[in-house]
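Just passing along the structure, written as C-alpha coordinates.
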Amino acid sequence: MTTMLNDYEYVREHVRMIPDFPKKGIMFLDITTAVKDSKSMQMMTDFLYEKFKDEKVDYVAGIESRGFIFGAALAYKLGCGFITVRKPNKLPAKTISESYTLEYGTSTIEIHEDALKKGDRVVVIDDLLATGGTAIAACNLIKRVGAEVVSTAFIIELNPLKGREKIESKGFKVVSMLNYDLD
(Lines give C-alpha, C1' and ligand atoms only; values in the text may rest on other atoms or scores of the structure.)
Protein backbone atom coordinates (compact mmCIF):
# COMPACT_ATOMS: atom_id res chain seq x y z
CA MET A 1 0.00 0.00 0.00
CA THR A 2 1.41 3.41 -1.00
CA THR A 3 1.05 6.31 1.41
CA MET A 4 0.27 9.71 -0.06
CA LEU A 5 2.32 12.55 1.39
CA ASN A 6 0.75 15.95 1.94
CA ASP A 7 2.50 18.99 0.45
CA TYR A 8 4.38 19.79 3.64
CA GLU A 9 5.69 16.24 4.08
CA TYR A 10 6.65 16.03 0.41
CA VAL A 11 8.65 19.26 0.54
CA ARG A 12 10.23 18.30 3.90
CA GLU A 13 11.45 15.05 2.34
CA HIS A 14 13.25 17.09 -0.32
CA VAL A 15 15.13 19.37 2.10
CA ARG A 16 18.67 18.06 2.69
CA MET A 17 20.35 18.41 6.10
CA ILE A 18 24.08 19.16 6.09
CA PRO A 19 25.91 19.15 9.44
CA ASP A 20 28.69 21.64 10.25
CA PHE A 21 27.98 24.07 7.40
CA PRO A 22 28.93 26.89 7.02
CA LYS A 23 30.84 26.21 10.23
CA LYS A 24 31.08 23.54 12.92
CA GLY A 25 27.98 23.21 15.06
CA ILE A 26 25.55 24.55 12.44
CA MET A 27 22.97 22.16 10.96
CA PHE A 28 22.33 23.60 7.50
CA LEU A 29 18.98 22.91 5.86
CA ASP A 30 19.67 22.89 2.12
CA ILE A 31 16.67 24.00 0.09
CA THR A 32 18.41 23.42 -3.27
CA THR A 33 17.31 19.80 -3.30
CA ALA A 34 13.70 20.92 -2.82
CA VAL A 35 13.78 23.54 -5.59
CA LYS A 36 15.30 21.14 -8.12
CA ASP A 37 12.28 18.84 -7.73
CA SER A 38 9.52 20.35 -9.89
CA LYS A 39 6.65 19.10 -7.72
CA SER A 40 8.28 20.39 -4.54
CA MET A 41 9.00 23.77 -6.16
CA GLN A 42 5.39 24.06 -7.27
CA MET A 43 4.15 23.18 -3.78
CA MET A 44 6.36 25.81 -2.14
CA THR A 45 5.34 28.50 -4.63
CA ASP A 46 1.66 27.59 -4.35
CA PHE A 47 1.88 27.70 -0.53
CA LEU A 48 3.24 31.26 -0.67
CA TYR A 49 0.71 32.34 -3.28
CA GLU A 50 -2.21 31.04 -1.19
CA LYS A 51 -0.96 33.06 1.79
CA PHE A 52 -0.83 36.36 -0.11
CA LYS A 53 -3.27 36.12 -3.05
CA ASP A 54 -5.94 38.09 -1.19
CA GLU A 55 -3.55 40.78 0.09
CA LYS A 56 -2.75 44.00 -1.73
CA VAL A 57 0.94 43.47 -2.55
CA ASP A 58 2.87 45.89 -4.75
CA TYR A 59 6.27 44.18 -4.47
CA VAL A 60 7.94 41.07 -3.20
CA ALA A 61 11.42 41.73 -1.77
CA GLY A 62 13.67 38.67 -2.03
CA ILE A 63 16.68 38.41 0.27
CA GLU A 64 19.92 37.28 -1.38
CA SER A 65 20.23 34.70 -2.60
CA ARG A 66 17.69 31.94 -2.08
CA GLY A 67 15.01 34.53 -1.37
CA PHE A 68 15.37 35.48 -5.05
CA ILE A 69 14.06 32.05 -6.06
CA PHE A 70 10.85 32.22 -4.07
CA GLY A 71 10.45 35.97 -4.34
CA ALA A 72 10.53 36.04 -8.13
CA ALA A 73 8.15 33.09 -8.39
CA LEU A 74 5.73 34.67 -5.91
CA ALA A 75 5.89 38.09 -7.59
CA TYR A 76 5.06 36.45 -10.92
CA LYS A 77 2.06 34.60 -9.47
CA LEU A 78 0.81 37.71 -7.65
CA GLY A 79 1.33 39.90 -10.71
CA CYS A 80 3.50 42.40 -8.83
CA GLY A 81 7.08 43.68 -8.97
CA PHE A 82 10.19 42.11 -7.48
CA ILE A 83 12.87 43.90 -5.43
CA THR A 84 16.31 42.45 -4.70
CA VAL A 85 17.75 42.76 -1.20
CA ARG A 86 21.47 42.27 -1.75
CA LYS A 87 24.80 41.96 0.01
CA PRO A 88 26.96 45.12 -0.13
CA ASN A 89 28.39 46.36 -3.42
CA LYS A 90 26.12 44.24 -5.62
CA LEU A 91 23.62 46.92 -6.63
CA PRO A 92 24.71 49.48 -9.25
CA ALA A 93 22.76 52.60 -8.18
CA LYS A 94 22.66 54.51 -4.88
CA THR A 95 21.73 52.23 -1.97
CA ILE A 96 20.77 52.29 1.68
CA SER A 97 22.12 49.59 3.97
CA GLU A 98 21.38 47.89 7.26
CA SER A 99 23.73 45.73 9.36
CA TYR A 100 22.52 42.89 11.55
CA THR A 101 23.59 39.86 13.58
CA LEU A 102 22.96 36.28 12.48
CA GLU A 103 23.48 32.97 14.24
CA TYR A 104 27.12 32.71 13.12
CA GLY A 105 28.35 36.29 12.64
CA THR A 106 27.30 39.71 11.33
CA SER A 107 26.37 40.95 7.88
CA THR A 108 24.92 43.87 5.93
CA ILE A 109 22.22 44.07 3.26
CA GLU A 110 21.22 46.82 0.85
CA ILE A 111 18.42 47.95 -1.43
CA HIS A 112 18.38 50.65 -4.04
CA GLU A 113 17.41 53.94 -2.49
CA ASP A 114 14.70 54.35 -5.14
CA ALA A 115 13.48 50.73 -5.12
CA LEU A 116 10.26 51.60 -3.32
CA LYS A 117 8.16 54.63 -2.58
CA LYS A 118 6.01 55.75 0.31
CA GLY A 119 2.91 53.58 0.62
CA ASP A 120 4.17 50.59 -1.38
CA ARG A 121 3.10 47.30 0.20
CA VAL A 122 5.85 44.68 0.33
CA VAL A 123 6.23 41.00 1.27
CA VAL A 124 9.78 40.20 2.42
CA ILE A 125 10.82 36.65 1.57
CA ASP A 126 13.74 34.31 2.22
CA ASP A 127 14.13 30.56 2.22
CA LEU A 128 14.86 30.12 5.93
CA LEU A 129 14.07 31.87 9.20
CA ALA A 130 16.76 31.36 11.84
CA THR A 131 17.41 34.24 14.28
CA GLY A 132 15.37 36.72 12.25
CA GLY A 133 18.21 39.24 11.89
CA THR A 134 18.28 39.29 8.10
CA ALA A 135 14.51 39.63 7.77
CA ILE A 136 14.33 42.39 10.39
CA ALA A 137 17.13 44.26 8.59
CA ALA A 138 15.22 43.93 5.28
CA CYS A 139 12.00 45.16 6.92
CA ASN A 140 13.88 48.11 8.41
CA LEU A 141 15.21 49.05 4.97
CA ILE A 142 11.72 48.91 3.50
CA LYS A 143 10.29 51.07 6.28
CA ARG A 144 13.16 53.58 5.92
CA VAL A 145 12.09 54.35 2.36
CA GLY A 146 8.47 54.79 3.47
CA ALA A 147 7.04 51.50 2.25
CA GLU A 148 4.91 49.13 4.33
CA VAL A 149 5.83 45.54 5.20
CA VAL A 150 2.77 43.34 4.62
CA SER A 151 4.51 40.25 5.99
CA THR A 152 7.70 38.25 6.05
CA ALA A 153 7.61 34.77 4.52
CA PHE A 154 9.84 31.71 4.66
CA ILE A 155 9.78 28.11 3.53
CA ILE A 156 11.69 26.85 6.58
CA GLU A 157 11.54 28.09 10.17
CA LEU A 158 14.04 26.94 12.81
CA ASN A 159 11.96 27.08 16.00
CA PRO A 160 14.79 26.93 18.61
CA LEU A 161 16.38 30.15 17.31
CA LYS A 162 13.18 32.13 18.03
CA GLY A 163 13.34 34.26 14.89
CA ARG A 164 9.54 34.42 14.70
CA GLU A 165 9.31 35.97 18.16
CA LYS A 166 11.99 38.55 17.30
CA ILE A 167 10.31 39.53 14.02
CA GLU A 168 6.84 39.68 15.56
CA SER A 169 8.18 41.77 18.47
CA LYS A 170 9.13 44.39 15.85
CA GLY A 171 5.53 44.41 14.59
CA PHE A 172 5.96 42.29 11.45
CA LYS A 173 3.87 39.26 10.50
CA VAL A 174 5.58 35.88 9.87
CA VAL A 175 4.46 33.14 7.47
CA SER A 176 6.36 29.85 7.19
CA MET A 177 5.69 26.51 5.54
CA LEU A 178 7.91 24.05 7.44
CA ASN A 179 8.94 24.19 11.09
CA TYR A 180 12.01 22.37 12.41
CA ASP A 181 12.96 21.78 16.04
CA LEU A 182 16.31 20.06 15.24
CA ASP A 183 16.39 18.29 18.60
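With the dipole of the stretch 1-108 worked out from charges on the C-beta (+1 for Lys and Arg, -1 for Asp and Glu) around the Cα centre, which of Asn6, Gly105, Val57 lies farthest toward the positive end?
The Cα lying farthest towards the positive end belongs to Gly105.
In deg cm²/dmol and to the nearest 500, what is the mean residue ellipticity at 222 nm of the chain if only DSSP H runs of at least 4 residues count, each as -39500 (n - 2.57), divided by the residue total?
On the way: 6 runs with 58 residues, N = 183.
One gets -9000 deg cm²/dmol as the mean residue ellipticity at 222 nm.
How large is the accessible surface per residue of the chain, computed with a 1.4 Å probe and reported in Å² as a whole number? Spell out each step's value before the answer.
Values: 9500 Å² over 183 residues.
Solvent-accessible surface per residue comes out at 52 Å².
Could you sort Asp120, Asp181 by their accessible area in this structure, using a 1.4 Å probe and putting the largest first? Could you put the intermediate results ahead of the total?
Working: Asp120 10, Asp181 90 Å².
Greatest to least solvent exposure: Asp181, Asp120.
Round to the nearest 10 and give me the degree value, 0 to 90, for the angle of helix 38-52's Cα axis relative to the longest principal axis of the chain.
The angle comes out at about 50 degrees.
Output the antiparallel fraction of DSSP beta bridges having both residues in the stretch 1-121, as a percent to the nearest 5. Mind dumping the intermediate values first?
Values: 13 of 18 bridges.
Given both bridge residues lie in the stretch 1-121, the antiparallel proportion sits at roughly 70 percent.
A further question on this structure: Once ligands and nucleic acids are excluded and a 1.4 Å probe is used, how much of Arg86 is accessible, expressed in Å² to the nearest 10?
Here the accessible area works out near 50 Å².
Same structure again: How big is the stretch 92-183 in terms of Cα radius of gyration and Dmax, in angstroms?
13.3, 44
Of Thr134, Thr45, Thr106, which is the most mobile in a GNM of the chain whose springs link Cα atoms less than 10 angstrom apart?
With Cα springs under 10 Å in the chain, the top fluctuation among Thr134, Thr45, Thr106 is at Thr106.
So what's the angle, to the nearest 10 degrees on a 0 to 90 scale, between helix 66-78 and the longest Cα principal axis of the chain?
Orientation of helix 66-78: about 80 degrees from the principal axis.
Now a separate question. Each residue of the stretch 147-158 in turn: what ³J(HN,Hα) in whole Hz from Karplus with 6.51, -1.76, 1.60 and θ = phi - 60°, glycine and Pro shown as x?
7, 10, 8, 6, 5, 9, 8, 9, 7, 10, 10, 8
Out of the total accessible area of the chain (probe 1.4 Å, heavy atoms of protein only), what percent is carbon and sulfur?
Numbers: 4650 of 9500 Å².
Ligands and nucleic acids excluded, carbon and sulfur reach 49 percent.
Taking every pair of alpha-carbon atoms in the stretch 16-130, give the share separated by more than 24 Å as a whole percent. Walk me through the numbers before you get to the answer.
Working: 2196 of 6555 pairs.
For the stretch 16-130, the fraction of Cα-Cα distances above 24 Å is 34 percent.
Which one, Lys173, Lys56, Lys23, has the greatest fluctuation when you compute a Gaussian network model over the chain with C-alpha springs under 10 angstrom?
Lys23
Under 5 Å between amide hydrogens, which residues at least 5 positions from Phe82 or on another chain qualify, with H placed 1.01 Å from N in the peptide plane?
Val60
What's the angle, to the nearest 10 degrees (0 to 90), between helix 133-144's Cα axis and the longest principal axis of the chain?
30 degrees
From the backbone phi of the stretch 110-121, what are the Karplus-calculated ³J(HN,Hα) couplings (6.51 cos²θ - 1.76 cosθ + 1.60, θ = phi - 60°) in whole Hz, Gly and Pro given as x?
So the J values, rounded to whole Hz, are 9, 9, 5, 4, 9, 5, 9, 10, 3, x, 4, 9.
The values are calculated or read from the model by the stated rules, or taken from the named source; none is laboratory data. Because the structure is a prediction, the values reported are computed rather than measured. With ideal geometry, Cβ positions are generated from the backbone for all residues, glycine too; neighbour counts draw on all protein chains shown. To get the accessible areas, we keep the full protein, side chains included, count just its heavy atoms, and leave off ligands, DNA and RNA. Shrake-Rupley method; radii C 1.70, N 1.55, O 1.52, S 1.80 Å.
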